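Right, one structure below, let's go through it.
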Amino acid sequence: MRKGLTIGTAVALVTGAAMWFATTVGAQGGGTVEVEVKYNGAPQVEKLKVNKDTEKCGTETTIEKVVVGGNKGLANAVASAPGAKGASKAKAVIDQHGCKFVPHVVVMQPGEIEIKNSDDILHNIHTYSTANPSINKAQPKFKKVMTEKLEKPEFVKVTCDVHSWMLGWVAVVPGVAAATDTNGVAKLENVPAGKQKIEVWHETLGKQEKEVDVKAGSVTKVSFEMKGK
Amino acid sequence: MPKPRDFTKGLYKIRTTANKVPMDQDLFKIITDGMPGTSMPPWAVLPDKDRWNLVAYIKTFAPDAFKEAPKKLDLPKDVSSSETSLKRGKEMFEAIECHKCHGTEGRADGPSRPELKDEWGFPVAPANLTKRWTFRGGASRTDIATRLANGVLGTPMPAFLDSVEKPEDIWHLTNYIVSLGPERPRYATLITVSATKDALPDDPNAEFWKKATASAIPLMGQVIVDPRNFNPVIDLVTIRAAYNDTEVAFHLTWDDPSETKGDGKQTFPDAISLQFPPQITASTERPYFLMGDASEAVYLLRWQQGKGVGEASANGPAKIAPLQGGEVSGKVVYTNGQYRLVMKRPRIAKGEGRPTFQPAVFTPVAIQAWDGGAGESGTRMSLTSWYYLRLEEPQSNRRFVIPPVVAILTLAAMFLVVRAANRAR
Ligand SMILES: [Cu+2]
């Protein structure tokens, strides 16, 4: 019994030390993964006439289903390394501005998100989720900021029923994650060295994943090509 | 028609809880009382025990959704209605901009209305706040305050508990909504046409009409002949009527969320008609209520958006012939989701196929109405069976009591329409 306990303790100590070592090295000696997402098809951006709240919303808006930038880069995709813990806990913010959700895709760690209304008119925040409780709350002009919890990993669709064209996404991702820029590039910083799974998600083009070998202190490039559905 | 609830989703629109999970009592109440404005009937006829068993059974369809315990919603402390509360309620209604969906006067005519969809992608109309009896979750103050605090799950109606300036604003808003209309409509069985020596004003907003007796008449979707109308928009028309020696005038008020001339493809002109037998006799025989038939015609005094007031003769909904040369006139106004219309014609018939209106005679009348903006035209309409109107005797200020036989006839006719409607479904 006594012997068993000692061995158990020793094993625990050794694994604990190993884990400590791994995480510290990971955090200090992690690498950057530069994810490039490409799309070969045509962009899907629709123009729509607006006939209400035109002072704030303008008379025309665009529905951006698939935004393709320079060099066939796909914007508004989310790249993540789910295995990389300890990502920055900066508070996520989404703004209802000009009757659009800005940014179109917000990336956040499970936790709290700040929802702003900079328009001085009524919007509502209506989420479509299965893992998190769904939310449908009015955000009148005098309610400039609201805070909501999204604690489970999920890609949450967000709409406003007052302006039916308004559509945004909140990517609740536990690992290191970022949205691609207009050139289709997302940089994932501080990803632990070693084999890591990289996932890419896009609201209309779906998901893909690849494994990369991350080298501490250097930039590893990985490229994805999304297919039309 | 609202889609039947998919029990497997565990998503219940009407609940008194602070989270998604309804209380057993919420389900029990829906089973017992039904849901107004939907095809969910009340099951109060079932014994209590069976209804509780039904609650338990429904929950087994979505066990995951019921894993979480329901969290009882705590409403802010009740504030009773008063002038100051109503003022604050109206201010909040405007500051929050409820009118974006519900319209300035609450008649479901807001600018966002045409695009509203539920979470299953089906169009959903905002509630008409002047018709509390149609609220899905009930018409009491607590029902309304709970809906405002929680929203209506699965629909665009958002929750406001976190969005008002102060928690008690929920009650000020509730009091304001309650002030917009009666808890239940008081339907008339007999329409009185009052006698006057004055001229009958064409203007629907004239002071004269504000003082006239109003009779509320319920309308139903036409579901007897194809194409049917299972989801009628116009469910109530209020009639005021008056006559003098030479003329008779009808003042009609009804809610319609959009003033529509129609494109002839998806939308059609809004319209309404009053139907009478072409001759008014003492006999209780009347033409077929659905615009007559091949053997017996009806007379229509009607109005159509863009065309104005006219007369027609019909031998069924597919055989309508305009009557020329009548001396009809009238005027319509449309404000904030409501039509007000005056239709006027000579009291004594001028020309064939038209009835003469005589004092103290029971005159059969029926109504048909179309919301062209919702795609209603032809047999896709709202209607009533035969009602009666009566021109009061001049100089008599005694209120007329309806003979029981007339009341029974009216009720029986309504019953037949309802039964036909239920069979057709
Ligand atoms: Cu909006």
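What to note about this one:
- Estimated at 0.36 nm per residue, the fully extended path between B:Ala44 and B:Phe230 surpasses their Cα-Cα distance by 64.5 nm.
- Dipole orientation for segment B:190-391: of the candidates B:Pro322, B:Gln358, B:Ala214, B:Gln358 has the Cα lying most toward the positive pole (charges on Cβ; Lys, Arg +1; Asp, Glu -1).
- Gap separating the Cα centres of segment A:30-72 and segment A:76-118, nearest whole Å: 17 Å
- Accessible area of A:His97 (1.4 Å probe, protein heavy atoms only, ligands and nucleic acids ignored): about 100 Å².
- Measuring against 22 Å, Cα to Cα, the residue pairs A:Lys85/A:Lys149; A:Lys52/B:Lys331; A:Lys65/A:Lys85; A:Lys52/B:Lys166 contain A:Lys52/B:Lys331; A:Lys65/A:Lys85; A:Lys52/B:Lys166 as the ones spanning a longer distance.
- Of the residues A:Lys137, A:Lys221, the one with the largest accessible area comes first in the ranking A:Lys221, A:Lys137, computed with a 1.4 Å probe on protein heavy atoms.
- These residues, B:Lys307, B:Lys350, A:Lys65, go from largest to smallest accessible area, 1.4 Å probe, as B:Lys307, B:Lys350, A:Lys65.
- Taking Lys and Arg as +1 and Asp and Glu as -1, the other residues whose beta-carbon sits under 12 Å from that of A:Lys221 total 0.
- Between segment B:228-294 and segment B:348-388, the alpha-carbon centres lie 4 Å apart.
- Mean-position separation - Cα centroids, segment A:176-223 and segment B:139-153, in angstrom: 46 Å
- Those residues of segment A:127-143 for which accessible area with every protein chain present is at least 30 Å² below the isolated value (1.4 Å probe): A:Tyr128, A:Ser134, A:Asn136, A:Lys137, A:Ala138, A:Pro140, A:Lys141, A:Phe142, A:Lys143
- Heavy-atom accessible area ranking, 1.4 Å probe, most first, across B:Val79, A:Val102, A:Val162: A:Val102, B:Val79, A:Val162
- Charge context of B:Ser163, other residues only, Cβ under 13 angstrom, K/R +1, D/E -1: 0
- All aspartates and glutamates inside 19 Å of B:Lys59 as judged from Cα atoms, apart from same-chain residues fewer than 8 positions distant: B:Asp6, B:Asp24, B:Asp26, B:Asp33, B:Asp48, B:Asp50, B:Glu68
- Placing +1 on the Cβ of every Lys and Arg and -1 on the Cβ of every Asp and Glu, with nothing else charged, gives segment B:118-208 a dipole about its Cα centre of roughly 420 debye.
- Residue-wise HN-Hα couplings along segment B:355-370, as the Karplus relation 6.51 cos²θ - 1.76 cosθ + 1.60 with θ = phi - 60° gives them from phi, are x, 9, 9, 10, x, 6, 10, 6, 10, x, 8, 9, 10, 10, 9, 10 Hz; Gly and Pro carry x.
- In sequence order, segment A:187-203 has phi-based couplings of 9, 9, 9, 6, 8, x, 5, x, 6, 9, 8, 10, 10, 10, 10, 9, 4 Hz under the Karplus curve 6.51 cos²θ - 1.76 cosθ + 1.60, θ = phi - 60°, and Gly or Pro positions carry x.
- Against chain A, whose longest principal axis is taken from its Cα atoms, helix A:2-29 shows a tilt of about 50°.
- What a 1.4 Å probe finds exposed on segment B:190-391 is 50% carbon and sulfur by accessible area, rounded to a whole percent.
- Heavy atoms of B:Ser112: accessible area, 1.4 Å probe, square angstrom to 10: 0 Å²
- Relative contact order, percent, segment A:131-196 [alpha-carbon distance under 8 Å, six or more residues apart]: 21 percent
- Where only alpha carbons of segment B:190-391 are counted, the Rg and the Dmax (Å): 15.7, 46
- Cα gyration tensor shape of segment A:31-227, rounded if a/c is under 1.5, else prolate or oblate by comparing a/b with b/c: oblate
- In the context of the full protein assembly, B:Met157 retains an accessible surface of approximately 50 Å², using a probe radius of 1.4 Å and ignoring ligands and nucleic acids.
- Phi angles of segment A:56-64 translate, via the Karplus equation with coefficients 6.51, -1.76, 1.60 and θ = phi - 60°, into HN-Hα couplings of 9, 9, x, 9, 8, 9, 10, 9, 9 Hz per residue; Gly and Pro are given as x.
- Estimated FRET transfer efficiency when R0 is 30 angstrom, pair B:Ala216-A:Leu48 (beta carbons, to 0.05): 0.15
The values are calculated or read from the model by the stated rules, or taken from the named source; none is laboratory data. What you are looking at is a predicted structure, and each value in this text was computed from that prediction instead of being measured. Every residue, glycine among them, receives a Cβ derived from its backbone with ideal geometry; neighbour counts consider all protein chains shown. Note: areas computed on protein heavy atoms with side chains; ligands, DNA, RNA excluded. Shrake-Rupley method; radii C 1.70, N 1.55, O 1.52, S 1.80 Å.
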